[in-house]
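Read-outs: derived from the displayed coordinates by stated rules, not from any lab. In this text the structure is predicted, and so the values were computed from the model without any measurement. For neighbour counting, all protein chains shown are included, and Cβ atoms are generated from backbone atoms with ideal geometry for every residue, glycine included.
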Amino acid sequence: MSECNDCFTITKTANTTSINAYDTITYTITVTANNGSAQTVTVSDLFPNNFYVVGVNPFPATINLAAQGIQIFTVQGYFTATNGCDSTYNLATLTNGGSVTIKDSVCVEVNTTCFTPGMTIFPDPTDLKTIGSTFANDTFYVAGVLLIENMSATFTNCVIYCAAGANIIVNLATLTLNNTNIIACDSMWKEITLIADAWIITDNSNIEDAHIGINHIGNGGFKIQNSNITNNVIGINVPLDSLLQHTQYIWLCSRHKIWIIKQNLLLIILANHHMDYYPLQAYQWWI
């Protein structure tokens, strides 16, 4: 953008139009003077919210711009949250201490840290049975509530990223995970909720970064085999009334132990086949 009265020009550009949160972006601000004498000008830059400068922020800068001179500024930084272009509006301003004020702006799309081209996105909310029941060798993003109801759903060799607060609800259904990872995108997600006659079966899979990995609040159960439920606030939660009244049985295979929970007893079968019974007091597991 230029101001013909004093023949100044300021332009602002970004090295990309789309970027992932926490990736580095470079802004370039170019100031030119197309007049016959040196001028003192001040250049400032208004950065959007959730943007952090890496290194030295050169603004505001007061410079003596020579006749027909040019001055180039670069700023590097990163965004900490996803935003559309209307929220990443980035404005550079030039003033000459008098009546001249000229501006230029640029914006970028900020994607999730886990977003990749071709990723399958489950919008908020999504009823999975409207999409399919068997998924393999794919990457998914759960934007909010993913409902798995009145069906059997199987994910094989998949990665499922979850947005902050995302909730996978299993009701009158079975969710099977084979060599599949469910992890956070950039903030902790909520949980996998097992409601009525709901099952989750895992083999060589991981459930991570949730407030509750598996929250079993109804009848049904789960079988965890050769899998990890880690980096969650609570790994598995079974309210005691739900356990005593509804749960058929639960299998937990952890290292060299098999944990079977039935009624109010916890049966631990060790690798040497020795069996121990324990009255069930605790009903939250971190495995």
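Here are the numbers for this structure:
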quantity	calculated
Cα-centre dipole for the range 120-247 with unit charges at Cβ (Lys and Arg positive, Asp and Glu negative), debye to 20	160
Computed lengthening from GLN225 to ASN137, 0.36 nm per intervening residue step minus Cα-Cα distance	29.7 nm
Computed FRET value (nearest 0.05) for CYS85 with ASN157, which takes r as the C-beta separation and R₀ as 45 Å	0.80
Amide H partners (placed H, <5 Å) of GLY69, local residues excluded	ALA33, ASN35
Kirkwood-type radius of the range 161-234, with distances r between different C-alpha atoms, in Å	12.0
Options ASN150, VAL100, ASN137, ranked by Cα towards positive dipole end of the range 89-151, top entry (Cβ charges)	VAL100
Karplus-derived 3J(HN,Hα), 6.51/-1.76/1.60, for each residue of the range 152-164, Hz, glycine and proline x	10, 10, 10, 10, 10, 6, 10, 10, 10, 8, 10, 6, 4
Cα-centred dipole magnitude for the range 65-191, charges only on beta-carbon of K, R (+1) and D, E (-1), debye, nearest 20	160
Point-charge dipole on Cβ atoms (K/R +1, D/E -1) for the range 1-147, about Cα centre, debye to 20	180
For the range 38-52, Karplus couplings with θ = phi - 60° (6.51, -1.76, 1.60), whole Hz, Gly/Pro x	5, 9, 8, 10, 10, 10, 10, 9, 9, 8, x, 5, 6, 10, 10
